[in-house]
Structure formats: C-alpha cells, structure tokens
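Asker: Have a look at this one.
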Amino acid sequence: MEAYIPDSADRKQAVVEFFANSNQQFLPLLELLIDAKQQLHDFAHTVGVAAIEGLLELSARQLAGAPHPGQAAAVAAPGRVRRHGHQKGVVVMAKSKLRVRRPRLRTVPDAAGRTTEVPPPAYAALQHDSQLASRVLEVALGGGVSTRKYEKTLDQTADAVGISKSQVSRELKKAMTTALEQVQARVIPGADILAVYIDGFVVGDVHVIGAIGVKKDGSKIVLGVHEGASENLPVVEALLTDLRDRGLTADRPRLFVLDGGKALRSAVDGVFGRYAAVQRCRNHKRRNVLEHLPEKQKAHAKLVLRAAFALEEADKGIERLRQYATDLERGGWSSAAGSLREGLEELFTVQALGLPRELRRCLATTNLLDAAHSGTRGLLRRVSRWRDGAMAERWVAAAMVETEKHFKKVHGYKQLWMLEANLRAWYERRNASETLARTSVAA
C-alpha cells in the first residue's frame, strides 16, 4: 500500500488544528501581533487626520486670515470671505473616506443679505483627487516614504492644495512637537505608580529612552521620552530626575524594570536610592548571554535559563544559574559566564518579592515597552536618514502618546495589591537589615 502524502490543504488544516488546540500557549503571541497592528493603524490614522486638518487650516488662513475674537462681527466689504466656525467634513482617500474637522468659510452678506459658502481650496482638492490624501499621509508618516522620495511627495502635495511645502513641513513638525511637549509637561501621579519600565531602542543612528508606569489599578501611563542611550549616565540621570520632578517622588518603594544598561542601573540608585527594587529584564540577559555562545550551544542555554526563571524560589533560581555560569567557564566560554553573573540576583527580584506567576510574567521583562515601540519601528524603518536626535525624539513621543490611548491593563492586575504590600515589606526588611548592620559595626 502506498503511503498517504497529505496535500497542501490537509497540511494547512493540521497547522490550524494544532494552534487551535494549543490552549493558552500561543495567546501571548496572538495578543502581541494584534496589539502591534492596532497600534500601527491607530497611530497612522491619527497622524494622517492631524496632517490633513492642518492643511485645511492653512488653506483657510490664505482666504480669511487667522481666527481671532470678533472677526465674524467685523465690518467688511460684501463678498469678502470670513470664518464661520468649523464643521464635519469628509475627504476621499483612495478606496475609502476619512472624516475630518474643517474650517467653515462664508462671504460677507451682500445688500440682499445673501452669503455664499466658500470651501477651503485644499478641501476641494482633497475631495476631487482620491490619491491626494494618501500623499499627505505619506508625508506625515515619513516611514511610508523613503528619504529620497520625501521631497518629491512633499512638492506634489503642496502643489495640489495650493500651500507651500515649507508650510506643510512646518505643520507636521508642529504636530509632533506638541505630542512631545505633552509627554514632557504632564504631571505624574506618583502615589499611584507601583512599577516603572525603562528601556531604550535605536531609531536610525539615534538612541531614544522611554519610560512607562503601571498604576495600582493595572493601567499604564507614558512617563517620559528622552533622546540618548541607556548606557549614557548623564542622559539617564536627566530622564530620571525629570520623572522625579514631575511627580515620581523618591519617597515610596517601587519596582523598576530595566534593560541591561549599567549606567541606567546606577542612575536609578542615584535618583531613587533605597526605594528602588530593581528587576533586570530577562530577555535582555538572554540575548546578552547568547551573543557570547556558538550556535550549537544556544538552544541548551535557552532551556537552562527558561527552567531557572520558572522556579518559584529566587534562591534556587540564582543558584541554578551560578552553577551554569561555572559550567560555561569550564567549557571555555568565560565571556558568556561573566555576562550571566552580572546582575544575576536582580533577575529574580519578582520571585524575591513573592509575586504570583501571572505578575512575574509581565514584571520580569521590558516587553511592555517593546510593544509600545513596535508601532514606531514599523513606521520608521524605511527612513534612511534622520536630521537630528530631536526629530527621532518627537516621532517616538507621538507614537507613544497615541499608543497610550489603547493600552490594556497589565496581566494579573487584580493581584497588584500583592506587589504594593510586598514592596512595603521588602523596604522594611531592608531598613531593618541596614540598621542591624550599622549597630554591629558601632559595637
């Protein structure tokens, strides 16, 4: 009898059934994919609408001037165009439509009291050219247009709506700057923040650091964005000092989830001192260790790290990885062993705090910040050159502000009371231990 060879449809169905029957194992991956796509879509939509409404405002100003109090009642010659508030509008965008808020313009009444509606020229152009709104969106999002094509696209957009390309570019920059200023000026509800995630990533050749806080109810808030690398001590000190000055006061214990940067770790101690319980990101540590190992050793290393991180007791996990570091050293991979030993105890802070597995899952890595950055990376990956760090900082701030609107509560948020209580107990134990040590030295 010939062996049965499944066709492509059968193979596809087998894969579908495998994923469907794998219960909870693939839910984190599914949530990450859905969140990343939603963040990218929402960010693109918001920036695109803002860009188009900015063009409509510029177009209205060319006919009626800038809005100011009392303009409607001003004496003007019949036929002159003046403002008459705003109204809802729709612009055509390829095969879809985009709802916008547009300025409303009317002529001054003539002798018979008749007025005429005068749409801004840009609005008329956007309604008649189905590709124009898409070009505006491309200019606004930068990541959808390569640097070489940016000027050409900007020229086409400006010509179509009758506005200079310098005005278009300034309006887009203004929208991004506003988002950055909102982040930098917001007051942080420090009394409600239990955990702080801090991580950096690269935009082109520019490093940007972001910070997100977790409140007692499990909701998340963008705390700050700063240009610079997490390995740069003055940069991270400036970010943390700014957070402290805006409300994240150093007067209560909190959990800080950090990447592997030594400067960032040092800065947390310098700004928040004894109140900071630090959890090193396990994903960063895993990547750092694997970089020092040959390909044939990486699979085994992943299994050892995963098994150690899954242990309920911090002491057992630490001891297991210390033994593995010794094994690595004996095998000739001393650099991997050194990387593993660095900050080893702080990989198990979530266990040392006695947190349940569900909370450990979200508090042991900086994945939360990575998800917030994912939309930015998708938008910016095609930009081949950044003018300066301030430009990258504006883009990241705009992306994070928009992403914040769609943040979900952290996994295990109903158990965050345990984090708060156990942080207080950890702080009291630490104080008691230090007091005992000082007493012993004095004696």
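The values are calculated or read from the model by the stated rules, or taken from the named source; none is laboratory data. Note that the structure is a prediction, hence the values are computed from the model and not measured. All Cβ positions, even for glycine, are placed from backbone atoms using ideal geometry, and neighbour counts span all protein chains on display. With ligands, DNA and RNA removed, areas are computed over all heavy atoms of the protein, side chains included. Shrake-Rupley method; radii C 1.70, N 1.55, O 1.52, S 1.80 Å.
Asker: At R0 = 25 Å, how high is the FRET efficiency between R361 and R341 if r is their beta carbon distance? Nearest 0.05 is fine.
Answerer: Result of the calculation: an efficiency of 0.50.
Asker: A follow-up question, please. Please state the shape class of region 178-256: rounded when a/c is under 1.5, otherwise prolate if a/b exceeds b/c and oblate if not, all from the C-alpha gyration tensor.
Answerer: Working: a/c = 1.75, a/b = 1.58, b/c = 1.10.
Verdict is prolate for region 178-256.
Asker: Taking H as built 1.01 Å from N, whose amide H comes closer than 5 Å to the amide H of H207, not counting residues under 5 places away?
Answerer: Amide H neighbours of H207, under 5 Å, 5+ apart: G228.
Asker: How much accessible surface does S339 have with a 1.4 Å probe, in Å² rounded to 10?
Answerer: Approximately 20 Å² for this residue.
Asker: Here is a follow-up. At 7 Å along Cα-to-Cβ for each site, give me the label-to-label distance between R322 and T249 in nm.
Answerer: My value for the distance between the label points is 3.9 nm.
Asker: Further question: Probe radius 1.4 Å, ligands and nucleic acids ignored: give me the carbon and sulfur share of the accessible area of region 173-290 as a rounded percent. Intermediate values should be presented prior to the final figure.
Answerer: Values: 2050 of 4230 Å².
Result for region 173-290: 49 percent of the exposed heavy-atom area is carbon or sulfur.
Asker: Moving on. How large is ³J(HN,Hα), in whole Hz, for each residue of region 347-362 in order, when computed from phi with the Karplus curve 6.51 cos²θ - 1.76 cosθ + 1.60 and θ = phi - 60°, using x for Gly and Pro?
Answerer: 6, 10, 4, 5, 6, 4, 7, x, 7, x, 4, 4, 6, 4, 4, 9
Asker: With a 1.4 Å probe and all protein chains kept in place, how do T241, T365 rank by accessible area, largest first?
Answerer: T241, T365
Asker: From zero up to wherever the largest Cα-Cα distance of region 174-314 sits, split into 5 Å bins and tell me the percent of pairs in each.
Answerer: Per 5 Å bin, starting at zero, the Cα-Cα P(r) for region 174-314 comes out as 2, 9, 17, 20, 17, 14, 11, 6, 3, 1, 0 percent.
Asker: Can I ask one more? So between Q87 and K262, what do we pick up on full extension, going 0.36 nm a residue minus the alpha carbon distance?
Answerer: 57.7 nm
Asker: Oh, and also: Need one value: the accessible area of Y413 in square angstrom, 1.4 angstrom probe, rounded to the nearest 10.
Answerer: 90 Å²
Asker: Can you bin region 228-281 into rounded, prolate or oblate? Criterion: square roots of the alpha carbon gyration tensor eigenvalues sorted a ≥ b ≥ c, rounded for a/c under 1.5, prolate for a/b above b/c, oblate for the rest. Don't skip to the answer; put the middle values down first.
Answerer: Details: a/c = 2.05, a/b = 1.20, b/c = 1.71.
Verdict is oblate for region 228-281.
Asker: May I ask you to rank R104, R80, R244 by accessible area, largest first, using a 1.4 Å probe over the protein chains only?
Answerer: My answer, sorted largest first, is R80, R244, R104.
Asker: Between R61 and M418, how many nm apart are label points set 7 Å from Cα along the C-beta direction?
Answerer: Those two pseudo-labels are separated by 5.6 nm.
Asker: Given K215/K405; K302/K409; K88/K409; K220/K316, which pairs have Cα atoms separated by over 26 Å?
Answerer: In this structure, K302/K409; K88/K409; K220/K316 lie more than 26 Å apart at Cα.
Asker: Length gain on complete extension for the stretch R330 to L233, per 0.36 nm per residue less the alpha carbon to alpha carbon distance?
Answerer: 31.5 nm
Asker: Check V278: other-chain or 5+ apart residues with amide H under 5 Å from its amide H, H built from backbone geometry?
Answerer: Result for V278 returns F256.
Asker: With a 1.4 Å probe and every protein chain left in place, tell me how much accessible area W426 has, in Å² to the nearest 10.
Answerer: The accessible area of W426 comes to roughly 50 Å².
Asker: So if each residue of separation counts as 0.36 nm, and I subtract the Cα-Cα distance between A425 and L303, what length gain in nm does that give?
Answerer: Here the segment from A425 to L303 would lengthen by 40.6 nm.
Asker: Once amide H atoms are built 1.01 Å from N in the peptide plane, which residues 5 or more positions from V90, or in another chain, come under 5 Å H to H?
Answerer: Residues meeting the criterion, in which the H sits 1.01 Å from N, are V100.
Asker: Given a 1.4 Å probe, how much area per residue of region 187-335 is accessible, in Å²?
Answerer: 42 Å²
Asker: Ranked by accessible surface with a 1.4 Å probe, highest first, in what order do K316, K215 come?
Answerer: Result, largest first: K316, K215.
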